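Handing you a structure now.
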Amino acid sequence: MRILFSYSLAAMLLFGSCSQAQSEKSADEPKGSSGKKHKKESLENRLTADAVPGLKRLGQLEGVKESSGLAMGQPGTYYTMGDQGNPPIIYKIDGDGKLLDEVRLSATNEDWESITHSSDGTLFVTDAGNNDNNRRDLTIYRVNPAQPATVGEIHFTYPDQQEFPPKKKARNFDCEASVWHNGQIYLFTRDRGSKATSKVYTVPDKPGTYTARRIASLSIPDEVTDASISPDGRHLVLMGSEQMFVFSGASMSSLLKAKPRRIALTGAGQTEGVLFTDDQTLLISSEQGSLYQYKMP
């Protein structure tokens with residue numbers, strides 16, 4: 001009996017210790033499923049930071065399917081949008097990815113792949129996703145986000161495209177990256193044929209119909225998915241898949257002649273959006289909905 005009593009007492013003490021530890025653990029965790037989410041995000045943050053110094057996960061984009069670009073809004077806010085198959089909506093978010101507003105445009109989302117902004121806050125949505133290189137309706141929508149009912153249209157064609165589509169190795173007329181600079185929209189192609197060259201074209205930022213002007217060809221060993229230029233105009237970033245290429249120079253012409261520096265973004269997912277928030281800091285979005293901040297060294 002004494003032995004049985006000792007076993008029972010030990011079991012009671014052990015159960016009490018486990019219950020207390022579990023209670024303390026539960027008190028430290030957020031209630032409901034958010035506890036698991038918090039631990040998952042913390043782990044993802046740590047793994048990302050360990051893999052890529054300077055890269056920090058900020059949060060998850062709310063209500064945005066397949067974020068495909070980023071542009072600047074009012075201080076502390078940004079714009080993004082979904083690509084092919086999504087409604088013609090621009091989403092206003094904060095720095096953590098929280099959805100603040102939706103702006104529906106009087107336009108068609110054939111395949112929105114890029115968004116950029118001018119110095120006065122005008123947004124330019126580039127509907128030039130062209131996976132099969134056979135589109136003839138390439139358009140950039142110009143919009144004041146405060147007046148979304150009024151949308152200007154910039155239609156353009158490529159001067160060097162003669163076939164729709166060209167042979168597979170020559171399919172370099174998909175455009176998923178754009179930046180505004182000094183009254184021009186710079187367009188950077190995604191080389192689906194050989195993953196080796198991003199061609200650079202420009203069109204004016206005013207509504208109209210244009211033949212784009214080809215001004216450069218950049219050696220990029222990846223498919224370019226977005227672009228951004230720093231506020232001081234001294235850095236240009238082209239985004240690839242879990243990597244980006246940084247060009248540095250004193251002017252746009254020198255940027256396009258510079259040798260890029262490759263920065264790996266291991267573990268960041270299918271990176272589709274990039275935006276300079278200041279001269280050294282980048283906001284990055286992935287197709288999976290993650291939002292990151294990267295501090296350039």
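Given 0.36 nm per residue, what is the gain on full extension from Asp137 to Arg234 after removing their alpha carbon distance, in nm?
Full extension of this stretch gives 31.6 nm more.
Could you calculate the contour length gain from Asp96 to Ala216, that is, 0.36 nm times the residue separation minus the distance between their Cα atoms, to one decimal place in nm?
39.6 nm
If you put +1 on each Lys and Arg Cβ and -1 on each Asp and Glu Cβ, how big is the dipole of the range 55-295 around its Cα centre, in Debye rounded to 20? Working shown, then result.
Working: 26 positive and 30 negative charges, 179 e Å.
It comes to approximately 860 debye.
Let me ask something else about it. Kindly put Ile220, Ile263, Ile140 in sequence by how many other C-beta atoms sit within 10 Å of each C-beta, fewest to most.
Ile263, Ile220, Ile140
Something else: Just to confirm my numbers, what's the Cα centroid distance between the range 228-275 and the range 122-192 in Å?
19
If we count other beta carbons within 10 Å of each Cβ, what is the order of Asp222, Asp94, fewest first?
Ascending number of Cβ neighbours within 10 Å: Asp94, Asp222.
Additional query: Quick check: from the Cα gyration tensor, does the range 170-273 come out rounded (a/c under 1.5), prolate or oblate? Present the calculation step by step, with values, prior to reporting the outcome.
On the way: a/c = 1.67, a/b = 1.25, b/c = 1.34.
Oblate shape, in that a/c is at least 1.5 and b/c is the bigger or equal ratio.
Viscosity 0.692 mPa s, temperature 37 °C: what is the translational diffusion coefficient of the range 55-295 from Stokes-Einstein with a Kirkwood Rh over Cα pairs, rounded to a whole number of µm²/s?
188
For Glu62 and Gln74 in the same chain, what is the full-extension length gain: residue separation times 0.36 nm, less their Cα-Cα distance, in nm?
Details: separation 12, 0.36 × 12 = 4.32 nm, distance 1.86 nm.
This chain segment gains 2.5 nm when fully extended.
Readers should treat all values here as calculations from the given coordinates under stated rules, not as data from a laboratory. Here the structure is a predicted model, which means the values were calculated and not measured. Neighbour counts are summed over all protein chains in view; Cβ atoms, including those assigned to glycine, are modelled from backbone coordinates with ideal geometry.
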